[in-house]
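To keep things clear, I will list the structure first and then write my remarks on it.
The values are calculated or read from the model by the stated rules, or taken from the named source; none is laboratory data. Owing to the predicted nature of the structure, the values given are computational and were not obtained by experimental measurement. Cβ coordinates were reconstructed from backbone atoms using ideal geometry, including for glycine residues, and neighbour counts include every protein chain displayed.
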Amino acid sequence: MQLKKENILIVDDDINIRELLQRHLQSWNYHTYKAVSVKEAVQILRDTKIDLLITDLRMPDIDGSELIKFVSEHYPKLPKLVITGYPSVQDSLSAIKSGVVDYLTKPFTRAELEQAINKSVKGKTDTISSSKVEPTHEKAYGEIIGNSEKINDVIQIIERVKDNKATIFIKGESGTGKELVARAIHYQGKFSRAPFITVNCGGIPENLLEAELFGYTKGAFTGAEKNRDGFFQAANGGSIFLDEIGNASTAVQSRLLRVLQEKEVVKVGAQKAEKIDVRIIAATNSDLKEMIKKETFREDLYYRLTVVEIEVAPLRERKEDIALLVEKFLFKYGVEYKDRFVKISQEASAILERYDWPGNIRELENVIQRAVIMCDKTVEVECLPDSLKYSIQFPENELMPLKDMEKRYIQKVLNLTNNNKTKAAEILGIDRKTIRMKLED
């Protein structure tokens, strides 16, 4: 069966309906996203290219009719299909006025659903055949946000590697979005339905990492009560993302080299190897070449991992992307905390674009999250942390001649006495003439 490209968003608070719709849609080879509320649906719409919206009308808090109105104005070319268990003439008329392509009443048959889906998808094709690219598509690629040249370079490499299983090495500072790049490689390509497993090599104790990655047999070590597959077996047929690969021990490095060379895995405690088909994507913010010099990282493994290298630039080198990222996070946290989109003042925006962001995108997201919580309707300068604002860098230990130190102290006393030289002389234990001489010296 030919793989369809449409992404369909299902919005319903009834888990049974969500699961039923997902099973039918996946059997017809559609990609599906699920949301239990209008709030969650809006977040998905903001971050993901959706080709068809299927929504219930009666839901707690905010009902589906509000979602339909929102989509009609913000995503006017997105077809909408309503499925409801409480049909009414008023709801039907309101839905039709909002541009709903079809309207199904629960319970419905599989054939009725398929007919409605086909009608909705066809309606989308007929409507936007002259322009398939939405305005936001140039801003987002999967979960990657940006229009800068450096981000476009990354996307071009992803486009070349996404449909093969070449080993890929992603390097960049902490917080630059290396995992988002790895996810884009997997989910934008033809292997998107296969498993994608993320492993933080720095977050697993060294003595457990080997067993967690490759699995183990019963009795291989104390506590190994049964055979168990590892992350590599779980990722078979798909991709495994090894984050912070520089933290892997020499034993793990040796096993990784065998996986790359022989395409096979040996469980801890086992003698027999298992063939495996996995695309390895590795990442680090460490300098592996420096580690090779110190003999803490294998040189042969390094060259096996770096068949294709992708460098993710820090945020300070692509400041033209800051406004787009701020917009994304304002929407995300505005909906989460305020149930609406939150704006930002020009003054606050200028501070964000001036700052160098040593923590990169992760730091920016944290700042916006806090700012949304602290603001009312608009993020003002007062909502931003002081660390982002202009500061004077005073020298830590300023050394000066004794006469200059005396002059400064005399002036300080004069300031505190409102320039009363008589009173200042009493405090300093000298006469007025001496004060004048020391200040003129």
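Restricting region 168-191 to residues that are hydroxyl-bearing (Ser, Thr, Tyr) and surrounded by fewer than 18 Cβ atoms within 10 Å (Cβ to Cβ), the residue that is nearest to Leu242 (Cα to Cα) is Ser174. You will find that of Leu352, Leu324, the residue that is outside the structural domain of Ile168 (by TED's automatic domain parsing), farther than 25 Å from Glu66 by Cβ and in contact with a Gly (Cβ under 7 Å, 6 or more places away or on another chain) is Leu324 and no other.
One line per residue, one yes/no per condition, for (1) of a type in the set (A, V, I, L, M, F, W, C); (2) free of Cβ contacts under 8 Å to residues at least 40 places away in the same chain:
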| position | (1), (2) |
| --- | --- |
| Arg316 | no, no |
| Ile322 | yes, no |
| Lys328 | no, no |
| Val335 | yes, no |
| Val342 | yes, yes |
| Ala350 | yes, yes |
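Condition check ((1) closer than 17 Å to Val308 by Cβ; (2) in contact (Cβ under 8 Å) with a residue 60 or more places away in the chain) across all residues:
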residue	(1), (2)
Gly142	no, no
Val154	yes, yes
Ser174	no, yes
Ala184	yes, no
Cys201	no, no
Leu209	no, no
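The residue list Phe329, Phe341 contains one member that is outside any strand (DSSP E or B), out of contact with any His (no Cβ under 6 Å at 6 or more places or on another chain), at pLDDT below 90 and surrounded by 14 or more Cβ atoms within 10 Å (Cβ to Cβ), which is Phe341.
The set of residues from region 273-291 being part of a helix (DSSP H, G or I) and surrounded by 16 or more Cβ atoms within 10 Å (Cβ to Cβ) comprises Leu288, Met291. Quick check: is even one residue across region 67-83 assigned to a loop (DSSP other than H, G, I, E, B), modelled with pLDDT under 85, among the aliphatic types (A, V, I, L, M) and surrounded by 15 or more Cβ atoms within 10 Å (Cβ to Cβ)? No: region 67-83 contains no residue that is assigned to a loop (DSSP other than H, G, I, E, B), modelled with pLDDT under 85, among the aliphatic types (A, V, I, L, M) and surrounded by 15 or more Cβ atoms within 10 Å (Cβ to Cβ). Among the residues of region 84-106, those identified as small (Gly, Ala, Ser) and either in a helix (DSSP H, G or I) or at pLDDT 60 or above (or both) are Gly85, Ser92, Ser94, Ala95. What number of residues in region 208-246 are part of a helix (DSSP H, G or I), of a type in the set (A, V, I, L, M) and touching a strand residue (DSSP E or B) at 6+ places or on another chain (Cβ under 9 Å)? Residues flagged as part of a helix (DSSP H, G or I), of a type in the set (A, V, I, L, M) and touching a strand residue (DSSP E or B) at 6+ places or on another chain (Cβ under 9 Å) within region 208-246 amount to 5. Of Lys319, Lys332, all but one fail to be closer than 20 Å to Gln43 by Cβ and charged (D, E, K, R); the exception is Lys332.
Condition check ((1) within 19 Å of Asp102 (Cα to Cα); (2) in a loop (DSSP other than H, G, I, E, B); (3) without any contact (Cβ under 8 Å) to a residue 24 or more places away in the chain; (4) within 27 Å of the chain's Cα centre (by Cα)) across all residues:
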| position | (1), (2), (3), (4) |
| --- | --- |
| Leu9 | yes, no, no, yes |
| Asn16 | no, no, yes, no |
| Glu19 | no, no, yes, yes |
| His24 | yes, no, no, no |
| Tyr33 | no, no, no, yes |
| Lys39 | no, no, no, yes |
| Leu45 | no, no, no, yes |
| Ile50 | yes, yes, no, yes |
| Leu53 | yes, no, no, yes |
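Taking region 182-207 as the range and being assigned to a helix (DSSP H, G or I) and at pLDDT 90 or above as the test, the residues that pass are Ala182, Arg183, Ala184, Ile185, His186, Tyr187.
Can you find a residue in region 297-314 that is part of a helix (DSSP H, G or I), crowded, with 21+ Cβ neighbours inside 10 Å and free of Cβ contacts under 8 Å to residues at least 60 places away in the same chain? Among the residues of region 297-314, at least one is part of a helix (DSSP H, G or I), crowded, with 21+ Cβ neighbours inside 10 Å and free of Cβ contacts under 8 Å to residues at least 60 places away in the same chain, which makes the answer yes. Among the residues of this structure, Leu213 counts as one that is buried (at least 18 other Cβ atoms within 10 Å of the Cβ), closer than 14 Å to Ile280 by Cβ and in the same structural domain as Gln271 (by TED's automatic domain parsing). The residue pairs whose first member lies in region 68-85 and is touching a residue at least 24 places away in the same chain (Cβ under 8 Å) and over 25 Å from Phe331 (Cα atoms), whose second member is among the charged types (D, E, K, R) and surrounded by fewer than 21 Cβ atoms within 10 Å (Cβ to Cβ), and whose beta carbons are closer than 6 Å, counting only pairs six or more residues apart or on different chains, are Gly85/Lys106. Of the residues in region 226-248, at least one is without any contact (Cβ under 8 Å) to a residue 12 or more places away in the chain and not hydrophobic (A, V, I, L, M, F, W, C).
Taking first residues from region 422-441 that are under 15 Å from Lys407 (Cβ atoms) and partners that are of a type in the set (D, E, K, R) and surrounded by 14 or more Cβ atoms within 10 Å (Cβ to Cβ), the Cβ contacts under 7 Å between residues at least 6 apart in sequence or on separate chains come to Ile435/Lys421; Lys438/Glu406; Lys438/Lys407; Leu439/Lys407.
Annotation: Ile17 fulfils all but one of (1) among the hydrophobic types (A, V, I, L, M, F, W, C); (2) touching a helix residue (DSSP H, G or I) at 6+ places or on another chain (Cβ under 9 Å); (3) surrounded by fewer than 21 Cβ atoms within 10 Å (Cβ to Cβ); (4) within 12 Å of Ile83 (Cβ to Cβ); the unmet one is (2). Could you tell me whether Val252 is over 18 Å from Tyr303 (Cα atoms) and either in the same structural domain as Glu290 (by TED's automatic domain parsing) or buried (at least 21 other Cβ atoms within 10 Å of the Cβ) (or both)? Against the criterion (over 18 Å from Tyr303 (Cα atoms) and either in the same structural domain as Glu290 (by TED's automatic domain parsing) or buried (at least 21 other Cβ atoms within 10 Å of the Cβ) (or both)), Val252 does not qualify.
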